[in-house]
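Below: one structure, written as structure tokens.
The values are calculated or read from the model by the stated rules, or taken from the named source; none is laboratory data. Keep in mind it's a predicted model, so treat the numbers as computed, not measured. Reconstructed Cβ throughout: ideal geometry from the backbone, glycine too, with neighbour counts over all protein chains shown. Ligands, DNA and RNA are stripped out before the accessible areas are found, and what is left, the full protein with its side chains, is counted by its heavy atoms. Shrake-Rupley method; radii C 1.70, N 1.55, O 1.52, S 1.80 Å.
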Amino acid sequence: MADLVSRARALADDLLFPAAAEVDRLGVVPRSHFDALAEEGFYGLAAPDSGVDLDQLVGVLEALAGGCLSTAFTWLQHHGLVAGLAATDREDLRERYLPDLISGRLRAGVAYAGVIPTPPKVRVQRVDGGYRFDGEAPFVSGWDAIDLLQLSGRDGDTVVNALVSPIVGHSLVAEPLTLLAAQGTATVRLKLDNHFIPDESVFAQVSYDKFVAGNTFAARLNGCAPLGLAERCACLIEAAGEEETATALRSEQDEIRRRLNAGLADPATLPAARAAGADLAYRSAGALAAATGSRAVLAGAHAGRLVREATFLLVAASRPEIRAGLLALARR
């Protein structure tokens, strides 16, 4: 495991970043990208016995996000189901799916953001033999690349988590979204109309408070993508001969990384740290555009793509507290 982060950086530099402009142009991540992640063992990082510590996990996530955001963002969703099945008391589901999820033979996505708002965007109702899901999961990534989906809904103060196949039908409709950046994430709006999930597919039922508290670690990890993008910008700024600017931006990265880690012990501070990270990514991409000059506005230029991706990260995996923090930073 000692070379885990260096392997991620090599993969990002040698495979992901050189192809990032083409992925952006086509709006599709090659399957070979995900196969390479599986070959490196990166699909099992969320497993309890992976032996990966926080610094290693953060290093891998930042490196991959700085290589190709579409690839990294889609791959990151997979780990929600790995963690969920590792913790379930449904031994049958764990034994059937978890080994293949860890190896990357099966690839997963998640649709649980709809349970966090009140009222929830995805609701469930107990019926004979299972649950009926209704509502809308607004952003579900990886639709063309995943084999399994964690679908979550709320029944009052209870969150129901189920394992489903991402197959559309009359009660489950996937509406493709056109994004400003990271179109390769194959993100859809998932519409559920009286969609039945049998009991045998439900792997967890938890209280809403416990579900939200359990998202603290995920919220910290979501702060990796902006820092990964900021570091890629710093590398390109340095290559353009602006070493002083790159050094200053990296100093900010270090401070925000420290704040994000501290947020695990004090979750109330995490939204402000997340906002600072997204703000830094946006400013770093703007600095890269300035350092690049007029070539930055040419189609296919790294600088222009990174500015759009930094805009994407201002709102991706966000919460009202993060939005408020970003707007507060804009008023300074």
Computed over region 108-206, protein heavy atoms only, probe 1.4 angstrom, the accessible area per residue in square angstrom equals 43 Å²
Using amide H atoms built in the peptide plane, which far-off residues or other-chain residues are under 5 Å from Thr158 H to H?
Tyr208
Bin width 5 Å, origin at 0, all Cα-Cα pairs of region 35-193: what percent of pairs per bin?
2, 9, 17, 21, 19, 17, 10, 4, 1, 0
List the residues whose amide H sits under 5 Å from the amide H of Val110, counting only those 5 or more places along or on another chain, with H placed 1.01 Å from N in the peptide plane.
Ser141, Gln150
Calc'd 3J(HN,Hα), region 247-254, phi into Karplus 6.51 cos²θ - 1.76 cosθ + 1.60 (θ = phi - 60°), Hz, glycine/Pro = x, comes to 5, 5, 5, 5, 4, 5, 4, 4
When the label point is put 7 Å from the Cα of Ala290 along its Cα-to-beta-carbon vector, which residues of region 217-234 have a backbone N closer than 15 Å?
234
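Roughly speaking, to the nearest percent, how much of region 108-206's 1.4 Å accessible area is carbon and sulfur?
That share works out to 50 percent.
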Where a ≥ b ≥ c are the square roots of the eigenvalues of the C-alpha gyration tensor, would you call region 108-206 rounded, which needs a/c under 1.5, or, failing that, prolate if a/b is larger than b/c, or oblate?
prolate
Equivalent-ellipsoid semi-axes of region 188-286, from the Cα gyration tensor, Å, largest first
37, 18, 9
Kindly give Rg over Rh for the chain, based on alpha-carbon atoms, with the Kirkwood expression for the hydrodynamic radius.
0.96
Of Ala278, Ala316, Ser294, whose Cα points farthest to the positive end of the dipole of region 209-330 (charges on the beta-carbon: +1 Lys, Arg; -1 Asp, Glu; origin at the Cα centre)?
Ala316
Would you work out which of Ser152, Ser141, Ala87 lies farthest towards the positive end of the dipole of region 81-162, given +1 charges on the beta-carbon of Lys and Arg and -1 on that of Asp and Glu, about the Cα centre?
Ser141
Lys and Arg at +1, Asp and Glu at -1: neighbours of Ala301 with Cβ under 15 Å from its Cβ sum to +2
In degrees, nearest ten, helix 270-292 long axis to first principal axis of the chain (Cα):
40 degrees
Summing -39500 (n - 2.57) over every DSSP H run of at least 4 in the chain, dividing by its residue total and rounding to the nearest 500, the 222 nm mean residue ellipticity is -16500 deg cm²/dmol
Region 107-152 - Debye-derived log10 I(q)/I(0), Cα point model, q = 0.17, 0.32 Å⁻¹
-0.53, -1.10
May I ask you to give the percent of accessible area on region 4-103 that is carbon plus sulfur, with a probe radius of 1.4 Å?
50 percent
Which three numbers, in whole Å and largest first, are the semi-axes of the equivalent ellipsoid of region 76-121 derived from its Cα gyration tensor as √(5λ)?
23, 13, 7
Stretchable slack from Arg105 to Arg7, in nm (0.36 nm times residue separation minus alpha-carbon distance):
33.3 nm
What are the principal axis extents of the Cα atoms in region 4-103, in Å, biggest first?
43, 28, 17
Compute the semi-axes of the equivalent ellipsoid of region 255-332, taking the square root of 5 times each eigenvalue of the Cα gyration tensor, and list them largest first in whole Å.
27, 12, 11
Of all accessible surface on region 209-330 at a 1.4 Å probe, what whole percent is carbon and sulfur?
59 percent
Which FRET efficiency value, to the nearest 0.05, is calculated for Arg126 and Ala265 with the Förster distance at 30 angstrom and r the Cβ-Cβ distance?
0.20
Protection proxy (average C-beta count within 10 Å per residue), highest first, orders 257-266, 277-286 as 277-286, 257-266
Can you work out ³J(HN,Hα) from phi for every residue in region 297-313, in order, using Karplus 6.51 cos²θ - 1.76 cosθ + 1.60 and θ = phi - 60°, giving whole Hz and x for Gly and Pro?
8, 6, 4, x, 6, 4, 4, x, 4, 5, 4, 5, 5, 5, 5, 4, 6
